[in-house]
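The next block holds one structure in the form of structure tokens; read it before the comments.
What follows is calculated from the coordinates using simple rules that are stated; it is not laboratory data. Just so it is clear, the model here is predicted, and its values are computed rather than measured. Virtual Cβ from ideal backbone geometry, glycine too; neighbours counted across all protein chains shown.
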Amino acid sequence: MKILFATSEVFPLIKTGGLGDVSYSLPNALVELGHDLRLILPAYGNMLKKLNKDNCKEIGQLMIPGAGHIHKARVLLFTENETGVPLVLLDIPGLYGHRENPYVDNKKQDWPDNAESFTVFSRGVAMIANDEIDCGWRAEVVHSNDWQTGLVSGFIKQAGLDIKTVFTIHNLSYGGNFSHEIFTGLDLPQAWWTLDGIEFYGNFSMLKAGIVFADHITTVSPSYAEEICTAEAGYGLEGVLSHLKHKLTGILNGIDPDIWNPRTDPYLATNYDARYRRLKGKMDNKTALLHGFGLTHDNEPLIGFIGRLVEQKGVDLVVSIIPDIMESTNSKLIMLGSGQPEYERELLDMAKHYPDRMIVTIGYSEAMAHRIEAASDIFLMPSRFEPCGLNQMYSQRYGTLPVVHRTGGLADTVVDASETNINNKTATGFVFDKTDRNDFLQTLRHAIDLYENKKIWNQMTMTAMQKDSSWQSSAEKYLELYQS
Ligand code: ADP
């Protein structure tokens, strides 16, 4: 099957979050299943710099309408590249050439031409899917992802093409909402400006475009598929999603078992795996990480956190419980992330207050993310909502038990350490029910207490590490969907 996979980020070339990981792993899993897939992205400047020009072939040119003028685009194909699958780039230097981050400038402000850039990209994807560049490759299915590629299915429908479209919602809270003036400027079809179309409370939403025009919608966990049809998690789109529920499916993300593998991970001080004797290697990682920051390892639990420092991730809940945990237990805490400046400041202040017990690194580091997963005993994910979440699965694979809020993909991937689940050896973490600091604190305390019971802790660690979170079964579900 010929599949064109359209996305705005992909590991390891350009990644801001989970979408980058999924855009790497799912296409690779589909190619492994024997399918002819091409990945397509805008040619961001810093991504082009990383790619080897010797592997680049210009396979066509397109003239694509934008806001008031036509953009000349070169279509580049890299058959060999870091993503592992054939990569097509839409090269329009005026729109993408200066972008280091796909969405925001270095002051963290949205690029002012985001609406035009991603509309032009989506138009280009539809044209390339239909082989308007005449390169001999035409898609049967186009799979697009999140608001940046939300218009793709609309353009395919508008042109009356016999190409099927799948749209995946990775996070409903980013809507790609723009004004009527921008809508008109982009010369989008007037007929789309309706309640059933892409109009959204006086603006238009590129995410809604993906929802209404795609032949099928997926989201990244079965629980999140249910939640987004309710007012609590629907961001105003619950009505349209409930109405279109017949074409909505939740398919759990997997993780890449080669990149996140404690047995081979090149970032670790010592590699280890689920066998009891080898698990000692995990301890070495903890010692190495703590020593690296000038701290001692005294057999206390190490608690980790990695992620965007935003409300969605429950960072405020973490901030609110740190003093209690520091005062009432001997745990140490290591946090890595960046985001809202007030959380960054608060966490840095706290780390100054507990210099022997708490490490805070503001920034983005793939290497440190791997080291924290390996070194920690407990991992915090108190997200308010979480479409799927990847870090809890990385944690489980690294023998680090996650403490999570029962929401979305967290609810679908973590089995709580209840007495029954401990007894039948299915527990793989700790789950609390309410978005509430006390509930979170109590559950984290339970984890810290249980850490002392090595028999149960080792059992849970083994169960978590041996769990299959690979892409294989999810990729098969996507294929079934494409084929249907
Ligand atoms: P989201 O996509 O909502 O940010 P996910 O848990 O689905 O959350 O995926 C986040 C991905 O980004 C994970 O691979 C995580 O390790 C990574 N990540 C997030 N923040 C950082 C950071 N500061 N440094 C390194 N990796 C990070």
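Brief remarks on what is shown
- Straight-distance crosslink candidates among lysines, where the alpha carbon sits under 29 Å from residue 467 and sequence neighbours closer than 8 are dropped: 15, 280, 282, 286, 313, 332, 425, 434, 454, 455, 477
- Compared with the dominant Cα axis of the chain, that is its longest principal axis, helix 18-32 is turned about 70°.
- Its convex hull of Cα atoms gives segment 276-465 a direction-averaged projected area, equal to a quarter of the hull surface, of 9.5 nm².
- Taken over the Cα atoms of segment 239-328, the convex hull encloses 198 Å³ per residue.
- Ascending count of other beta-carbon atoms within 10 Å, so fewest first, for 471, 193: 193, 471
- Debye-sum result for segment 209-262 in log10 I(q)/I(0), which assumes one identical scatterer on each alpha carbon, at q = 0.20, 0.22, 0.25, 0.32 Å⁻¹: -0.68, -0.77, -0.93, -1.30
- Working value for the chain: equivalent-ellipsoid semi-axes of 40, 23, 22 Å, each the square root of 5 times a Cα gyration tensor eigenvalue, largest first.
- Counting every pair of alpha carbons in segment 1-128, the share spaced more than 19 Å apart comes to 46 percent.
- For segment 414-458, trypsin sites (Lys or Arg not before Pro) are listed when DSSP marks them as loop and at most 15 other Cβ atoms sit within 10 Å of their Cβ; the list is 425, 434.
- Crossing angle, helix 114-129 versus the chain [Cα axis fit, 0-90 degrees, rounded to tens]: 70 degrees
- When the alpha-carbon atoms of segment 423-484 are used, the pair Rg, Dmax equals 17.0, 51 angstrom.
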